[in-house]
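Trainee: The structure is given below, and queries will be raised subsequently.
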Amino acid sequence: MQNKVIHRLKTISEYHKVMGLPKPEHPLISVIDYGSVQLQCMANKSYVFDFYSILLDRDFKGNMKYGQQSGLFEEGVMFFMLPGQVFEVDAYGKEINRSGWLLLIHPDFLWKTALAKTIKNYDYFNYSVNEALFLTDKEEKSVLAIMENMAQEYRNNIDKFSGPVIIAQLELLLTYADRFYQRQFITRKISGHSILDRLESMLDQYFKSGKLTVDGMPTVQYVAASLNLSAGYLSGLLKTLTGKSTQHYIQDKLIEHAKIQLSMTDQSVSEIAYGLGFEHPQSFSRLFKTKTSLSPLDFRASFN
């Protein structure tokens, strides 16, 4: 099989050149209207961008991939990519006929702003491609209005207010995206509860298999990978549907198993603790009391 060539694009100007676009009007930020351009689909080629990418794609029919995940789409979606991620697109035809908008922001544009640090707190930049954001018509209008405002600002005469105004617009866009993802967790209930069912089944199987004794409590990363999800997306989904983080959800399931053993077996607390993957029984007892307000022995005594 022929290896795919990976091209690194360090600047937004390089992106414009490679894609056959006019030179960007600002070297560190660009808003591209896909409706006014046509991009050639190049086989066996991938890209790594050294800048942030926020893509709102309408009517794109094809396979999109970044990181280790890929997704097949036939409707509008929104993606958020960090610098350094591998990005690849395969279309159904030789031409990619798409409409939508692409926002590119070089990290240097955020230099000496609070957003330079806080942008990393938006978990959806670490979501996999199959966890894209599906916008409602109303939400899409809000996103497009912000992108158009940003484009208008840097296309006007640049002054000392331009940067802060664009940064404020970008923060608003990111906050809206956070809100829209929370809405998606709620409205896509079938998908969300299907994930919960798979999570329950996966944890039950893990606990019954004896892996706790060998490998200890499963990590958030292990659980997310087992469900073919990113850790951030799983955590966001669980917080919305259950009010718990993934770590707390795993711990609660562990305590459920501990309760069964405390109430239905004669094993000592130490034996139960070791069987659940704890190196020190004291750690198990602390976690159990934190979760139940009772020590393991007091819990067992309540059944006698």
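Trainee: Taking the Cα centre as origin and putting +1 on Lys and Arg beta-carbons and -1 on Asp and Glu beta-carbons, what dipole magnitude results for the stretch 163-304, to the nearest 20 debye?
Mentor: 380 debye
Trainee: In vacuum, with every alpha carbon of the stretch 113-232 counted as one equal point scatterer, what does the Debye formula give for log10 I(q)/I(0) at q = 0.12, 0.14, 0.20 Å⁻¹? Two decimals, please.
Mentor: Log-scaled intensity ratios, in q order: -0.63, -0.76, -1.15.
Trainee: So with the 1.4 Å probe, I'd like the accessible area per residue for the stretch 159-223, rounded to whole Å².
Mentor: 57 Å²
Trainee: Here is a follow-up. A 26 angstrom limit on the alpha carbon distance is what I want to check against. Which of Lys112/Lys244; Lys117/Lys239; Lys244/Lys289; Lys211/Lys291; Lys211/Lys289 exceed it?
Mentor: Result: Lys112/Lys244 exceed 26 Å.
The values are calculated or read from the model by the stated rules, or taken from the named source; none is laboratory data. These numbers were taken from a predicted model, which means no experiment stands behind them. So basically every Cβ, Gly included, is an ideal-geometry build from the backbone, and we count neighbours across all protein chains shown. Quick note on the areas: whole protein, heavy atoms, side chains included, nothing else; ligands and nucleic acids left out. Shrake-Rupley method; radii C 1.70, N 1.55, O 1.52, S 1.80 Å.
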